[in-house]
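Participant: Quick one: the structure is below, questions incoming.
The values are calculated or read from the model by the stated rules, or taken from the named source; none is laboratory data. Note that the structure is predicted; figures quoted are calculated from it, not measured. Here Cβ is always computed from backbone atoms with ideal geometry, including for glycine, and neighbour counts include all displayed protein chains.
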Amino acid sequence: MKISSKQDLLRRMMIVISLFTTSLILWNTYQFFQKFKQEERLKMENFAQAQIELGKIIDINGNISDFPLKIIQSNSSTPMIIEDSEGNFQSKNIELSNENVQEYLMLLSKKFKKENKPIPVIYNGKTLSTMYYGDSELLNKLKYYPFALLLILLLFSAVILLYYKSTQVASQNKLWTGMAKETAHQIGTPLSSLVGWAELLKSEAVNPDYVSEIEKDIQRLETITDRFSKIGSMPVLRKSDIVKATIESFNYLKSRSSKLISFEITSPETEIIVPLNLELFSWTIENLVINGIDSMKGKGLITLSLTTTEKIVLINVTDSGKGIKNNLFKKVFETGFTSKKRGWGLGLSLAKRIIEDYHNGKIKVLKSEIDVGTTIQISLKRL
């Protein structure tokens with residue numbers, strides 16, 4: 001138990017560290033993006049100032065300094081549009097077509113205005129031009145990088161969560177398998193004694209009908225022991241008559257239930273061959289019927305109908321019990337879910353596992369009404 005607790009703590013620490021590391025990378029990337037955007041803004045402001053300085057130099061002596069020119073020429077990545085005082089547009093680092101250039105630049109300047117605040121070029125208190133600029137190609141690529149990292153974080157979290165859940169499920173399955181096998185072992189010893197007592201009763205002057213019924217119950221206990229001992233191993237499916245198997249399981253419970261419960265069954269008179277593990281299938285029918293009896297509190301009607309099409313067999317088990325709320329139709333098949341004061345909530349979850357995992361079929365709550373009853377349906381492929 002201590003080792004298991006330490007392993008669980010280690011897994012939790014690894015998950016927290018991994019999430020923290022990924023979040024830190026995401027945050028640093030966002031900060032880098034913002035810093036890069038600020039540097040791009042500063043570069044454009046320098047570009048505007050270089051234009052002003054260039055105008056000053058030309059006004060003074062007519063000579064052009066190399067420094068402002070270098071600043072202007074060095075910007076070869078940021079797309080920009082310069083609107084002069086008369087409303088004419090010029091562009092830099094933008095591919096243009098030959099038609100409607102001014103109209104295209106005007107529309108593009110409105111787009112740039114939404115992306116970044118325009119920079120006015122002011123000289124001697126007069127606005128000479130207004131500069132609109134968009135994000136560079138590199139900045140546009142970086143724009144989607146945080147979203148990509150966020151997606152990676154979500155996927156990473158999902159993988160960790162699935163791994164953690166699968167580990168828990170595997171541990172639970174291992175525990176249930178061990179308990180089932182131990183139960184089978186514990187039942188085996190008194191069961192052997194019961195077989196001996198039954199043989200002894202045969203030699204005495206005891207009503208043969210009583211002995212026959214005792215032998216049926218012993219045989220049933222042997223079947224249950226066999227079921228528990230096989231939990232955890234993949235069951236073998238054999239071609240079987242599902243009509244016969246269903247009727248036998250239903251009638252066995254009928255003969256051992258209260259007289260206050262009525263049993264009705266409808267089924268075809270001909271054989272229907274389906275790949276079945278008879279022990280597990282009968283266990284499923286028993287679980288559904290017993291679950292129905294419990295919901296009726298020992299008094300009511302249990303109905304089983306078996307119908308078939310060319311491809312599938314449908315088995316509906318209906319009770320006249322308290323019913324199930326619509327939002328619980330799927331939850332009732334989860335391990336541990338129970339509406340009873342006593343019980344482990346394993347009956348319907350076992351039925352689901354037997355039908356869907358082992359027989360490749362489907363099981364669901366077909367319909368249910370509060371204080372009217374519930375119908376659970378099994379569907380299996382026929383040969």
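Participant: Suppose we keep only residues that are aromatic (Phe, Trp, Tyr) and buried (at least 18 other Cβ atoms within 10 Å of the Cβ) within region 100-150. Which one would you say is modelled with the lowest pLDDT?
Facilitator: Quick first cut of region 100-150, residues aromatic (Phe, Trp, Tyr) only: 104, 112, 123, 132-133, 144-145, 147.
Restricting the remaining residues to those that are buried (at least 18 other Cβ atoms within 10 Å of the Cβ) gives 112, 132-133.
Details: Phe112: 85, Tyr132: 87, Tyr133: 82.
Across region 100-150, the extreme among qualifying residues is Tyr133.
Participant: Can I ask one more? Within region 357-383, can you find the residues that are more than 15 Å from Leu304 (Cα to Cα), of a type in the set (A, V, I, L, M, F, W, C) and not in a loop (DSSP other than H, G, I, E, B)?
Facilitator: Leu380
Participant: Take the residues in region 218-244 that are surrounded by fewer than 17 Cβ atoms within 10 Å (Cβ to Cβ) and in contact with a Ser or Thr (Cβ under 8 Å, 6 or more places away or on another chain); name whichever of them is modelled with the highest pLDDT.
Facilitator: This residue is Thr223.
Participant: Could you tell me whether Ser4 is modelled with pLDDT under 60, polar (S, T, N, Q) and not in a loop (DSSP other than H, G, I, E, B)?
Facilitator: Working: modelled with pLDDT under 60: yes; polar (S, T, N, Q): yes; not in a loop (DSSP other than H, G, I, E, B): yes.
So Ser4 passes the test.
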